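The block underneath contains the structure these notes are about, expressed in structure tokens.
Each reported figure results from applying straightforward, stated rules to the coordinates on display, with no laboratory input. Quick caveat: nothing in here was measured; it's all calculated off a predicted structure. We place every Cβ from the backbone using ideal geometry, glycine too, and count neighbours over all the protein chains shown.
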Amino acid sequence: MTRLSTAVRGLVTTLAALLAVTAASATARATPEAKAPEDFVALRSVDPTIIQEMRYFTPHNFVGGRVDGYRQPICILTRPAADALHKAQVTLLHEGYTLKVYDCYRPQRAVDHFVRWAEDLDDQAMKSEFYPRVDKTRLFEDGYIAEKSGHSRGSTMDLTIVRLPAKPTRLYVPGEPLVPCYAPQDERFPDNSVDMGTGFDCFDTLAHTLDPRVQGVQRANRLLLKSTLEDLGFVNLAEEWWHYTYKPEPYPDTYFDFPVSKESLTSSR
């Protein structure tokens, strides 16, 4: 075989390999994205009056950037959880308040993103606000980060109460000076929420719902949220004043991974 024919044969082999890789990539891209079960809904379709400030779609969270799987800033929940949240909203509206959700259904890929972030000890860009008194090496041991989240089952949400009329919350500017999440309300990052004693996603024992150090108006605000939701079947996570799960959960043992987007839901929902 001549050197020319050998070279041609090698070129053909290389081109064939490239075509195979391209075809495989195209096939992977064409794989249908996971969809939500029929009984998952956009919260806005059940109650458009509940404020949605979806933190993991924004850079204002402990990771410092948009989290994997959050393609749109919308709240998705199982219908029973959304219906119960609507009932809570009706009660609070009569008292001059509105609910505001920070997070709802959370895909497993987002939880995986949290785990990777927690394992990267060099990334502490948001420490000054979200975990100023916690060493990042302890995030797993102290329970702030885990490999599974109840949010991925679709009936858990993070939320707060806002007094009406609701004032707008300004956007976070990446790189701006950070203030500890447990600082006095007029010092920490502005949030139109009533004063709950800490900001959302504060990795600190002061965020425990019934921490005895939280008293006065702050405690009353936490108890207003707690009593309103518990009367409708929600259960609070004691370590986080903002975290509630509707019971009984339709999917108590299933951790979903469809993206947070309207496309994950059918047009009829």
Output the relative contact order of the chain, whole-number percent, from Cα pairs under 8 angstrom with separation of 6+ residues. 24 percent
With +1 on each Lys and Arg Cβ and -1 on each Asp and Glu Cβ, how big is the dipole of segment 152-224 about its Cα centre, in debye rounded to the nearest 20? 260 debye
When the charge dipole of segment 37-264 is computed with +1 on Lys and Arg Cβ and -1 on Asp and Glu Cβ about the Cα centre, the Cα farthest towards its positive end, among Y251, S45, A238, belongs to S45
In nm, to one decimal, how far is the V90 label point from the T49 one, both placed 7 Å along Cα→Cβ? 1.0 nm
Would you grab the residues whose amide H sits under 5 Å from the one on Y97? Only those 5+ places off in sequence or on another chain, please, with H modelled 1.01 Å from N. L164
To make sure I understand, if each residue's beta carbon is the centre and we count other beta carbons within 10 Å, what order do W117, W241 fall in, fewest to most? W117, W241
Could you size up the charge dipole of the chain around its Cα centre, putting +1 on the beta carbon of Lys and Arg and -1 on that of Asp and Glu, and report it in debye to the nearest 20? 860 debye
Cα-based reach from K127 at 29 Å (exclusive), listing lysines while leaving out same-chain residues under 8 positions away: K100, K136, K148, K167, K226
Amide H to amide H, which residues 5 or more places from V194 or on other chains are under 5 Å from it, using H placed in the peptide plane? I161, V162, R163
Which of F130, H208, Q72 sits closest to the plus end of the dipole of segment 37-264, meaning its Cα is farthest towards the positive end, when Lys and Arg get +1 and Asp and Glu get -1 on the C-beta? Q72
At q = 0.15, 0.17 Å⁻¹, what is the base-10 log of I(q)/I(0) for the chain according to the Debye formula with one equal point scatterer per Cα and no solvent? Please give it to two decimals. -1.13, -1.44
Return the FRET efficiency for the residue pair K262, R109: r is the Cβ-Cβ distance, R0 is 25 Å, and the value is rounded to the nearest 0.05. 0.90
